[in-house]
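Engineer: One structure, pasted below without further comment.
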Amino acid sequence: MGQNLVYKILGEHLVEGELSVGKEIGIRIDQTLTQDATGTMAFLQFEAIGIDRVRTRRSVSYVDHNTLQTSFENPDDHRYLQSVAARYGVYFSRPGNGICHQVHLERFAEPGLTLLGSDSHTPTGGGMGMIAIGAGGLDVAVAMGGGAYYLNVPKVMKVNLTGRLDPWVTAKDVILEMLRRLTVKGGVGWIVEYGGPGVATLTVPERATVTNMGAELGVTTSVFPADEQTRHYLIAQGRGDVWRELVPDPDAEYDQVIDIDLGELEPLIAQPSMPDRVVPVRALEGLKVDQVCIGSCTNSSYMDLKRTAGILKGKTVHPRVSMTLSPGSKQVFEMIAREGDLADIIAAGARILESACGPCIGMGQAPATGAISLRTFNRNFAGRSGNRDDKVYLCSPEVAAVAAITGELTDPRKFGDHPPVEFPERFIINDDMIITPPEEGSEVEIIRGPNIKPVPTKDPLPDAFEGELLLKVGDNITTDHIMPAGAKILPLRSNIPAISDHVFVSVDETFPSRARAAGGGFVVGGVNYGQGSSREHAALAPMYLGVKAVIVKNFARIHYANLINFGIVPLELSDPADYDRLNQGDRLKVSGLLDGLERGEVELENLTSGVKFKLVARLTTRQVKILKAGGLLPFTRGR
Ligand code: MIC
Ligand code: SF4
């Protein structure tokens with residue numbers, strides 16, 4: 001039986017376990033990436049583990065999220081990150097150099113390697129033929145220390161691409177089509193491998209748009225083969241030497257195969273406020289648009305911005321519309337500047353922002369009350385833009401740019417000729433904004449600002465605990481609900497006591513004070529609980545408030561691991577109907593944990609109603625040990 005690409009790369013990196021679906025394996029991590037919003041915590045944890053130098057082939061620390069400096073916290077964190085990188089042997093990408101995923105793809109990604117990143121969109125690297133996975137900061141800290149990364153072997157879905165995209169139809173439409181078919185929970189437990197003759201028609205940055213937004217499907221990661229397109233891109237990046245061909249065996253097996261004919265796709269758009277609410281653009285034509293934001297790790301590559309410029313050239317942004325542009329990297333920014341495209345974009349009236357995440361994470365550019373905002377990003381979760389009642393739509397740069405001119409959602413195919421853009425033979429290569437760490441870092445002083453507080457830890461797990469059901473929520477709760485981001489809260493990422501005042505505030509403002517008053521308790525939720533980002537603060541801060549267990553119908557992958565890493569017991573309802581037998585304010589007791597977690601079943605008693613039932617604990621032996629130790633940090637230190 002032939003091997004698929006996913007198992008080939010996993011197999012080359014296997015250090016523990018066997019490649020059989022559902023089984024836990026440990027894999028060696030070649031590269032890591034961190035960013036400033038998750039990185040400060042990750043490096044504090046790395047320091048706490050107590051290893052003298054990173055043991056990966058390459059670790060890169062990026063500053064791209066918390067770039068708005070309204071007070072001292074963010075710049076202090078940047079200084080900490082720069083000094084800690086030099087101390088421990090990590091490459092440091094300075095603020096201004098661009099969004100981690102875009103820069104990593106350009107300068108560091110290599111076919112066949114593994115990459116673990118403390119950001120859920122790390123799978124962008126799958127566009128380069130690597131197994132690139134998003135994880136919590138603590139998992140990345142362990143990997144930086146040379147530890148394996150553990151995951152349950154996912155099933156592999158082949159997406160067989162045929163045909164070729166029509167003009168005005170883009171890679172964004174490929175992933176929106178995937179979201180339309182599979183939904184935001186459809187990918188949990190899967191890796192997607194793209195294949196088929198259509199693959200050869202997509203450039204590496206286009207593939208990266210697709211793998212990037214695979215995160216929104218809930219998949220562990222997505223991967224494309226490394227082929228002639230990959231070689232061409234690497235040569236254009238001056239890195240042709242790292243190319244190697246990587247394709248599945250001709251008789252490779254998959255757990256499922258689905259087909260997408262690229263030639264049948266049309267421009268698509270995701271409606272508020274979930275990335276899977278996808279419809280054809282033509283179905284919403286005429287919708288008045290107030291804001292257009294182009295950028296993010298999904299859609300701010302060279303070609304994306306060249307096409308945007310081609311559409312805007314000689315025109316003016318519609319009077320109703322406020323348009324912003326955030327180039328994905330300094331490389332892209334410099335190239336469109338030198339080639340004159342930036343001038344066309346400025347002349348059209350776009351507001352030029354720095355090369356960073358910006359509006360995608362609510363770092364400015366919140367839409368006005370009731371405004372319709374069209375963004376080329378990957379997430380439109382309610383309130384993420386900074387406005388609780390926002391109406392954010394997700395689409396391609398082409399759809400966004402055309403709407404910026406017409407002031408309303410327009411099928412771009414009616415706009416005229418698709419701007420002709422050539423893929424560059426050579427990108428501008430200048431890595432001066434990436435600081436190489438010194439050979440020997442032990443003398444480097446680590447600079448800490450006053451907002452940087454130690455990582456809180458937890459005691460070992462008791463056999464039973466009781467407490468109040470503090471909050472009951474529904475399906476598809478995101479980490480943006482649990483631990484909101486945005487310009488006001490992000491500066492507290494390195495201060496858990498302070499950030500914990502914001503847990504669940506967009507769902508219930510009283511949550512933090514009630515949790516504190518009750519001395520902690522339980523949270524109950526529905527399906528796909530914790531989807532979205534990798535931010536471990538969505539586990540750490542509730543842990544700090546005393547949340548002991550989260551009981552839901554099922555979990556999203558990264559958040560599930562983060563809960564375990566911080567000693568919060570993740571439990572599933574064995575019968576989804578039990579959800580209705582739990583009410584906010586009930587007093588609950590979970591018992592028999594020490595044995596029960598190993599057996600996979602614990603008992604829950606609702607002390608308010610007198611009802612008892614079983615809860616499922618879906619944990620590997622290793623995860624049980626971590627929970628018993630009080631989390632991954634005490635567990636790792638203990639070893
Ligand atoms: C996001 O897109 O939600 C973020 C901000 O990049 C997060 C990481 C974070 O919360 O810092 C992610 O995707 O993991
Ligand atoms: Fe940054 Fe947005 Fe990408 Fe997250 S999704 S890394 S916030 S650009």
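The values are calculated or read from the model by the stated rules, or taken from the named source; none is laboratory data. Fair warning: this is a prediction, and the values are worked out from it, not measured in the lab. Neighbour counts are summed over all protein chains in view; Cβ atoms, including those assigned to glycine, are modelled from backbone coordinates with ideal geometry.
Engineer: If Ala337 satisfies all but one of (1) part of a helix (DSSP H, G or I); (2) within 16 Å of ligand 1 (Cβ to nearest atom); (3) within 23 Å of Ile429 (Cα to Cα), what's the number of the condition it fails?
Structural biologist: The failed condition is (2).
Engineer: Arg53 versus (1) part of a loop (DSSP other than H, G, I, E, B); (2) farther than 27 Å from Ser355 by Cα; (3) out of contact with any Gly (no Cβ under 6 Å at 6 or more places or on another chain): which is the lone unmet condition?
Structural biologist: (3)
Engineer: Considering only residues that are touching a residue at least 24 places away in the same chain (Cβ under 8 Å) and within 16 Å of ligand 2 (Cβ to nearest atom), look in the range 483-522 and name the one that is farthest from Ala541 (Cα to Cα). Lay out the reasoning, then the answer.
Structural biologist: We begin by selecting, within the range 483-522, every residue touching a residue at least 24 places away in the same chain (Cβ under 8 Å); these are 483-487, 490-500, 502-504, 506-508, 511-512, 514-516, 518-522.
Still in the running and within 16 Å of ligand 2 (Cβ to nearest atom): 483-487, 490-491, 493.
Working: Met483: 8, Pro484: 11, Ala485: 13, Gly486: 16, Ala487: 18, Leu490: 13, Pro491: 14, Arg493: 10 Å.
Per the stated criteria, the residue is Ala487.
Engineer: Can you report the number of residues in the range 267-288 which are surrounded by 23 or more Cβ atoms within 10 Å (Cβ to Cβ), over 24 Å from the mean Cα position of the chain (by Cα) and either under 21 Å from Arg388 (Cα atoms) or modelled with pLDDT under 95 (or both)?
Structural biologist: Qualifying residue count for the region: 0.
Residues are listed down the side, and each one gets a yes or a no for (1) in a loop (DSSP other than H, G, I, E, B); (2) farther than 29 Å from Asn97 by Cβ; (3) at pLDDT 95 or above; (4) of a type outside the set (Gly, Ala, Ser):
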| position | (1), (2), (3), (4) |
| --- | --- |
| Val332 | no, no, yes, yes |
| Leu342 | no, no, yes, yes |
| Glu354 | yes, no, yes, yes |
| Gly364 | yes, no, yes, no |
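Engineer: Do the conditions hold for Val455, that is, is it closer than 25 Å to Leu217 by Cβ, of a type in the set (Val, Ile, Thr) and in a loop (DSSP other than H, G, I, E, B)?
Structural biologist: Details: closer than 25 Å to Leu217 by Cβ: no; of a type in the set (Val, Ile, Thr): yes; in a loop (DSSP other than H, G, I, E, B): yes.
When the stated conditions are applied, Val455 does not pass them.
Engineer: Can you pull out the residues in the range 385-399 that are out of contact with any Phe, Trp or Tyr (no Cβ under 9 Å at 6 or more places or on another chain) and part of a helix (DSSP H, G or I)?
Structural biologist: The first filter runs over the range 385-399 and keeps only residues out of contact with any Phe, Trp or Tyr (no Cβ under 9 Å at 6 or more places or on another chain), leaving 385-391, 393, 395, 397.
Passing the criteria: only Pro397.
Engineer: Name every residue in the range 193-222 that is over 20 Å from Phe108 (Cα atoms) and among the acidic types (Asp, Glu), in order of residue number.
Structural biologist: Listed by number, the residues that qualify are Glu193, Glu216.
Engineer: Any residue that is in a loop (DSSP other than H, G, I, E, B), touching a strand residue (DSSP E or B) at 6+ places or on another chain (Cβ under 8 Å), more than 16 Å from ligand 2 (Cβ to nearest atom) and within 30 Å of His481 (Cβ to Cβ) - is there at least one of those in the range 299-320?
Structural biologist: No, the range 299-320 contains no residue that is in a loop (DSSP other than H, G, I, E, B), touching a strand residue (DSSP E or B) at 6+ places or on another chain (Cβ under 8 Å), more than 16 Å from ligand 2 (Cβ to nearest atom) and within 30 Å of His481 (Cβ to Cβ).
Engineer: When you scan the range 435-456, do you find a residue that is under 28 Å from Glu598 (Cβ atoms), surrounded by 12 or more Cβ atoms within 10 Å (Cβ to Cβ) and either touching a strand residue (DSSP E or B) at 6+ places or on another chain (Cβ under 6 Å) or among the basic types (Lys, Arg) (or both), even just one? Show your work before the answer.
Structural biologist: Of the range 435-456, the ones under 28 Å from Glu598 (Cβ atoms) are 455-456.
Next, only the ones that are surrounded by 12 or more Cβ atoms within 10 Å (Cβ to Cβ) stay: 455-456.
Now restrict to residues that are either touching a strand residue (DSSP E or B) at 6+ places or on another chain (Cβ under 6 Å) or among the basic types (Lys, Arg) (or both): none.
No, because not a single residue in the range 435-456 is under 28 Å from Glu598 (Cβ atoms), surrounded by 12 or more Cβ atoms within 10 Å (Cβ to Cβ) and either touching a strand residue (DSSP E or B) at 6+ places or on another chain (Cβ under 6 Å) or among the basic types (Lys, Arg) (or both).
Engineer: Report, by residue number, each residue of the range 462-504 that is in a loop (DSSP other than H, G, I, E, B), small (Gly, Ala, Ser) and either at pLDDT below 95 or surrounded by 19 or more Cβ atoms within 10 Å (Cβ to Cβ) (or both).
Structural biologist: Let us first name the residues in the range 462-504 that are in a loop (DSSP other than H, G, I, E, B), namely 462-464, 473-477, 483-485, 493-495, 503-504.
Remaining after also requiring small (Gly, Ala, Ser): 464, 474, 485, 494.
Listed by number, the residues that qualify are Ala485, Ser494.
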